[in-house]
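Presented below is the structure to which this report refers.
Each value in this text was obtained by applying a stated rule to the coordinates, not by laboratory testing. None of the values given here were measured: they were computed from a predicted structure. Don't worry about glycine lacking a Cβ; one is built from the backbone with ideal geometry, like all the others, and counts go over all protein chains shown.
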Amino acid sequence: MVGVTAGPAVSMSNEATVAGFIRKRERYERAAYTLYSVAVAAARDPFLYEVVGVPDTLDGRFDSIGLHVFLVIRRLNADGEPGHGLAQAVFDAMFHDMDINLREMGVSDLSVGKRNRAMWEAFHGRAAAYSEAWADLAGLALAIGRNVWRSAEPPAESAAALARLAYAQGDHLATQTLEAMRRGELQFLPAREAAR
């Protein structure tokens, strides 16, 4: 007979902390997926691809989604808690969706984690660059141009148009209440209007 040694007991305070975290996450999950879906719909506006010149590729669509999700997370973080919790849930929804999409595209189970991690790191890098440049329209346009068009030269005025769009969408999101967003209510401007 093999002896079994019990591990360290988990205190009630640790159990309560874990349970509280799970409840908090579940509370935000539905709203987060809805907010993420609204950001994806805005990121797929045909104007971005047909007029602004965002590359209509997997990478281009990822970068457009990333920019719009960045704007949502930026807005949510402006209100402290519970905005931070909802912002984290939106981030989680994005990368859960990316995981599903990779699997649907036929990426092997062994590669999905690595690919998702690479996208996670890319998103964080872009979000940091956009945050750092936010106060300077020209700097934001440079950061957007580097990320959306990668090693290619953006079409003339395209990066500047996306920077103007980011500012306009950011201002528009700032007018929407945290309470509405906690219910999953969010609106973006049409891209044509925001990019003026």
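Some values worked out for this structure:
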item	result
Order of 167, 28 - criterion: other Cβ atoms within 10 Å of each residue's Cβ, fewest first	167, 28
Centroid-to-centroid separation of region 38-103 and region 118-196 [C-alpha atoms, Å]	10
Mean separation of Cα contacts under 8 Å, 6 or more apart, over the residue count of region 25-84: relative contact order %	31
Computed lengthening from residue 58 to residue 135, 0.36 nm per intervening residue step minus Cα-Cα distance	24.8 nm
Sorted peptide list for 35-41, 69-75, criterion being average Cβ within 10 angstrom, highest first	69-75, 35-41
Anisotropy class of region 111-196 from Cα gyration tensor, a/c 1.5 cut	oblate
Over region 31-194 - Rg/Rh using Cα atoms and the Kirkwood inverse-distance radius	0.95
